[in-house]
Each structure stands twice: as C-alpha cells, then as structure tokens.
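The values are calculated or read from the model by the stated rules, or taken from the named source; none is laboratory data. Just so it is clear, the structure is predicted and the values come from calculations on it, not from any experiment. When we count neighbours, we look across all protein chains shown, and the Cβ atoms used for this are built from the backbone with ideal geometry, even at glycine. Accessible surface is based on the protein model in full, side chains and every heavy atom, while ligands, DNA and RNA are left aside. Shrake-Rupley method; radii C 1.70, N 1.55, O 1.52, S 1.80 Å.
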Amino acid sequence: MFSAMKLLSVLSSAALLVSAAPAAPKVCDASAATMNLPAGQSLIVAPTTGPKFVALGVGVQNYTCDAATSKYTSVGAVASLFDISCLVKTPAFANIQTVAQMAWSVLPPKVSATTIGEKLGAPALLGFHYFIPNPITGTGLSPKWDFTSTGKFKGDASAFIVAAKAANIAAPQDSAKNVDWLMLNNVQGSLATQVFRVDTVNGQPPTSCTPGSANISVKYTSKYFLY
Ligand SMILES: *[C@@H]1O[C@H](CO)[C@@H](O)[C@H](O)[C@H]1NC(C)=O
Ligand SMILES: *[C@@H]1O[C@H](CO)[C@@H](O)[C@H](O)[C@H]1NC(C)=O
C-alpha cells in the first residue's frame, strides 16, 4: 500500500525538483544598445531605430586554401548566438566579446561554443549563425541567423534571417587578426531587416597557405546587432 508518509515524501521531493529547476535566463530590452562604429567612414550606417536583438557570437570562420593564389578564402562560419540584452546598460557590454574570446580560445577544438554561455553567467542562447546555399541564385553561400531551434522563438519557422552583405570595413583595430565589420540586408525571413557584425575579435586566417592543405577553422567572437 502507498502510505501517506511515502506520498508526502514523494510530493516534497517533487517540490524540491521544481524549485531546483533553473530559472529561464533573463531577457532585457535591446533597443537602447548602440554600435560603436568608427568615425570617418560612411559605409556602415547605423539605423535610426534601436536594435531588436544584440547577440554575442562565439564560433569559427572556415577557410579553404585557394591553390591559384596560396591564400585562404572564406567557406562560411558557424557560431552560437547568446543574448546580451541584459548587459546593454552595464560596463561589461563594451568588452564582452574580448572576455568571451579569452575563454573560447583556450577550449579544446572538440568543445562546443554553446558551453561558453556557462562561463559568461548563462545568458540565453538565442540561436545559431551558419551558412546555407544562396536561396535566390543557388550559387555560393548566404549567411543565416536562425532562432527557430532554441529559446523564445523555438518552433517559429519564420524566426530567422538570411542576408546579403551590403558593406564591409576593416576592423578598426588589428584588422590582420580581427575579421571585417559588416552590414547585411534581409533576403529571407522575418526575424530582422538588417544585421551588423561589429566588435570582432580574431577570425582572420594566416596570410598564406600551402596549396592542397586542409581547410581550417579560426575561432572568433563578435557582436551581432539585429534590427
Ligand atoms: C566549419 O568548420 C567546423 C569545424 O571546425 C564544422 O563543424 C562546420 O561544419 C564548418 N562549417 C562550414 C560552413 O564549413
Ligand atoms: C574545404 O571546404 C570546401 C567548402 O566547404 C569543400 O568543398 C572542400 O571539399 C573542403 N576541402 C577539404 C580539403 O576538406
């Protein structure tokens, strides 16, 4: 027979389980965030409205060796996107990409970028950035920011943006190491109309390569502003 004592103990351990479940990560209003664009350039233009999302990207830029030039060329990227909206009004916002890169760069290659979240106070995982075949022309690759598989938009099939590059500038600091800053416009999806990649840390390939050598992945972090 299932005793009252036993039932009580089952109930209280269930209550414990519920109270021990992790709280959903806090999400804040991103619209007050501003990009720290370099002065004296007019290629990357900040929209006049605030962003819908500000994300920290942690991932890799992939390259293949072009045998004709002995230089690396880009073959896409993969990154985890963490919500940093709650840092917008704190001093930590400015350098979060540098802090993340310090943690990311020392992790063994097999360890996923999503684990970086735990080291940064567990911000919400908004989604993933990766490349797909160009959906319009069918040739080449297009970058996608995809929030459909995790977090608040999980299951919402339209919560993505595929974009096309509209402008790029060299990173204002250490552009031999840090990948370009970009402005991209919507091609597909209803998540945003524009994406900006700024505050990049690392991601550039070595200056030359040996024809026939393997593809490489170079770890990088950056901020992504989605408007
Ligand atoms: C990039 O390289 C990583 C391994 O470092 C791989 O998991 C990923 O599929 C590659 N992505 C592309 C677009 O080449
Ligand atoms: C490098 O990546 C490209 C594009 O993803 C792929 O076509 C090629 O087979 C890869 N090369 C090697 C050596 O793995």
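Total residues in region 54-73 satisfying the condition of being away from ligand 1 (no atom under 14 Å from the Cβ), under 10 Å from the mean Cα position of the chain (by Cα) and either β-branched (Val, Ile, Thr) or surrounded by fewer than 24 Cβ atoms within 10 Å (Cβ to Cβ) (or both): the figure is 1.
All conditions in (1) touching an Asp or Glu at 6+ places or on another chain (Cβ under 9 Å); (2) part of a loop (DSSP other than H, G, I, E, B) hold for Lys223, with the sole exception of (2).
Each residue in region 77-95 was checked for being buried (at least 18 other Cβ atoms within 10 Å of the Cβ) and either within 16 Å of ligand 1 (Cβ to nearest atom) or of a type in the set (Phe, Trp, Tyr) (or both), and 6 pass.
Taking the condition polar (S, T, N, Q), closer than 19 Å to Val162 by Cβ and within 19 Å of the chain's Cα centre (by Cα), does Ser80 pass? It is true that Ser80 is polar (S, T, N, Q), closer than 19 Å to Val162 by Cβ and within 19 Å of the chain's Cα centre (by Cα). If you go through region 181-220 and keep only what is more than 16 Å from ligand 2 (Cβ to nearest atom), surrounded by 18 or more Cβ atoms within 10 Å (Cβ to Cβ) and either in a loop (DSSP other than H, G, I, E, B) or hydrophobic (A, V, I, L, M, F, W, C) (or both), you end up with Trp181, Leu182, Met183, Leu184, Gly189, Leu191, Ala192, Val195, Phe196, Val198, Val201, Gln204. Apart from one condition, Thr221 fits all of (1) more than 20 Å from Phe53 (Cα to Cα); (2) within 16 Å of ligand 1 (Cβ to nearest atom); the exception is (1). Taking the numbered list (1) within 16 Å of ligand 1 (Cβ to nearest atom); (2) open to solvent by 20 Å² or more (accessible area, probe 1.4 Å); (3) under 19 Å from Ala79 (Cα atoms) in turn, Pro143 passes all entries but (2). At least 1 residues being over 23 Å from Val198 (Cβ atoms) is the threshold, and among the strands (runs of 3 or more DSSP E) wholly inside region 57-153 those reaching it are 71-83, 125-133. Give me a count of the residues in region 118-137 that are within 16 Å of ligand 2 (Cβ to nearest atom) and farther than 18 Å from Gly151 by Cα. Result for region 118-137: 4. Can you confirm whether region 102-117 contains a residue that is within 16 Å of ligand 2 (Cβ to nearest atom) and open to solvent by 50 Å² or more (accessible area, probe 1.4 Å)? Yes, region 102-117 has at least one match.
Within the option set Asp174, Asp180, being farther than 18 Å from Asp83 by Cα and free of Cβ contacts under 8 Å to residues at least 12 places away in the same chain holds for one residue only, Asp174.
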